[in-house]
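Below is one structure, written out as structure tokens, with a few remarks after it.
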Amino acid sequence: MKASVIANRDYTISRIDDRLYGAFLEHLGRAVYSGIHEPGHPTADKNGMRDDVAQLVRDLNIPCVRYPGGNFVSAYNWEDGIGPVDQRPTRLDLAWHTSESNKVGIHEFAAWCKTVNTEMMLAINLGSRGLDEARNFVEYVNGPVGSYWGDLRKKNGHAEPFGAKLWCLGNEMDGPWQIGQKTADEYGRVAYESAKALRAFDKSLELVVCGSSHSDMKTYPEWERIVLEHTYDSIDYVSLHMYFANRAKNTTNYLALNHKLDTYIATVQSTINMVRANKRSKRKVHISFDEWNVWYHSNEQDKEILGGNKGWPHAPRLLEDIYNFEDVLQVGCIINTFIRRSDVVKIACIAQLVNVIAPIMTEPGGPAWKQTTYYPYYFASRFGRGTALNLAVNCPGYDADLADNVPYLDAAAVLDDAGKIITFFLVNRNASENLEVSFDLQGFGKPTVIDHQTIKHDDLEARNTLAKPETVTPKKGNGAVIEDGKLKLSLAPLSYTMLRVGV
Ligand code: AHR
């Protein structure tokens, strides 16, 4: 099967905000405890943080990490996580039916962010708590010494403000599962008042308001409209979340799901534009897609704990999806969608980062390893920085349940800031045929292939496990050629490719 792609230097989508490659870490399962934090582990640093995990995180070059939740944040007392570690309270976590020891709090998380070279994206509790705790938390994190909260932070070992710029006003406040769920009007009011207080403290903070938890919510997209009517001129981003699943074991439909993602983004963009017009506002509000991933493999095994049948365990194995090769293709398509919509999606966070629906897994006392999905995220985060090119793709398609004529080729491309390298991210959705792709690079110099990596496995169910951590890994490709001034490449059936071309 043949496909053609035109990339023209003058046809661009947007400069990509680096934070498109963010991640999310929640106090949930083993994300924190025995994930990033395991005192006594052979690689643990003086704060008890695992350096083997930190190294895998560093390699990903993650620009920001959202913390501490998630559903967890909606009943979280941030004050429980400060002061001497051995005096911190253990609390019941109502979101995940577990115990929270609070051995990791804001100081430990901030220190860890420094070691992995990332920025904090902090969520405040607008579920069980409200405006006052929100402003206190922000002042504790960012306020000057000489004020009550700044002095307390200094007493707790950190005189310098942490300087967190990016703040989420609650989490999934439309969800019936959320502690302190609100109607759109109730949430819109409290979000507006919180934004006002936070901005009175520091105008330069970037604020994220909750959109719908997902696009199947009954209140979507009216939720976005109402919340934005309350908050439009006070916030910077609307938060969206989406998780992907292949419960029906239908690869064709599964790999068409990013069509739904695309529609979701387009609908919320229209809602933003409508409210902007209603308000005659000059302000540009963008999307923070701060939870996205594949999530379904672990659903069955989680039922006992989530149903409360195991009491209140501390850091149990929860949401530990073990990803397969098929999920590599899905993650590739999701990230491609974000690149193509980088005009409106400025922040996106893979949910989550370690152990909990994550690209990195750990064994307590043992190794850390890369899940299959680590690789497409790694390639995009390392090499997808720059300007998204507006590709013209010509390729046959297929009809899926969600959409007709889904192109077999899913493609995105990024021109680096020096204007010298185009990186293509390509997924062949065709299960039986190679895709012979011809690239016409217009307005660029003579192309040379710099790097070509492919991920392919004959078994869609192949996984990386503790016993076999390298079952699915990228391999160097060598089939890209320049013919008649065009770049040509054959993509194997159901495969992921990253191609870096010097121009
Ligand atoms: O990432 C897991 C959970 O998914 C988060 O806690 C919540 O925000 C979402 O429903």
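At-a-glance table
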quantity: Residue count, segment 141-153 (criterion: assigned to a helix (DSSP H, G or I), over 16 Å from CYS168 (Cα atoms) and open to solvent by less than 50 Å² (accessible area, probe 1.4 Å)); calculated: 4
quantity: Failed criterion for MET121 (all others in (1) surrounded by fewer than 18 Cβ atoms within 10 Å (Cβ to Cβ); (2) within 23 Å of TYR237 (Cα to Cα) hold); calculated: (1)
quantity: Residue ID - farthest from ARG283 (Cα to Cα), chosen from residues in segment 230-268 that are charged (D, E, K, R) and in contact with a Lys or Arg (Cβ under 8 Å, 6 or more places away or on another chain); calculated: ASP262
quantity: Elements of type strands (runs of 3 or more DSSP E) in segment 318-408, at least 1 residues being open to solvent by 10 Å² or more (accessible area, probe 1.4 Å); calculated: 345-351, 368-370, 387-389, 392-394
quantity: Selection from segment 42-67 of residues that are open to solvent by less than 10 Å² (accessible area, probe 1.4 Å) and either farther than 30 Å from LEU169 by Cβ or in contact with a helix residue (DSSP H, G or I) (Cβ under 7 Å, 6 or more places away or on another chain) (or both); calculated: GLY48, MET49, ARG50, ALA54, LEU60, ILE62, CYS64, VAL65, TYR67
quantity: Some residue of segment 177-192 being within 16 Å of the ligand (Cβ to nearest atom), surrounded by fewer than 24 Cβ atoms within 10 Å (Cβ to Cβ), farther than 25 Å from VAL141 by Cβ and touching a residue at least 24 places away in the same chain (Cβ under 8 Å); calculated: yes
quantity: Residue under evaluation ASP174, criteria (1) away from the ligand (no atom under 16 Å from the Cβ); (2) farther than 17 Å from PHE137 by Cβ, criterion not met; calculated: (1)
quantity: Selection within segment 18-39 - in a loop (DSSP other than H, G, I, E, B) and touching a residue at least 12 places away in the same chain (Cβ under 8 Å); calculated: LEU25, GLU26, HIS27, LEU28, GLY29, ARG30, ALA31, VAL32, SER34, GLY35, ILE36, GLU38
quantity: Subset of segment 59-117 (residues that are within 14 Å of the ligand (Cβ to nearest atom), of a type outside the set (A, V, I, L, M, F, W, C) and assigned to a strand (DSSP E or B)); calculated: ARG66, TYR67, ASP93, THR98, GLU100
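The values are calculated or read from the model by the stated rules, or taken from the named source; none is laboratory data. As the structure is a prediction and not an experimental result, all values here were calculated from the model. Cβ atoms come from the backbone with ideal geometry, glycine included; neighbour counts cover every protein chain shown. Side chains are part of the model used for accessible areas, which takes the heavy atoms of the whole protein and leaves out ligands, DNA and RNA. Shrake-Rupley method; radii C 1.70, N 1.55, O 1.52, S 1.80 Å.
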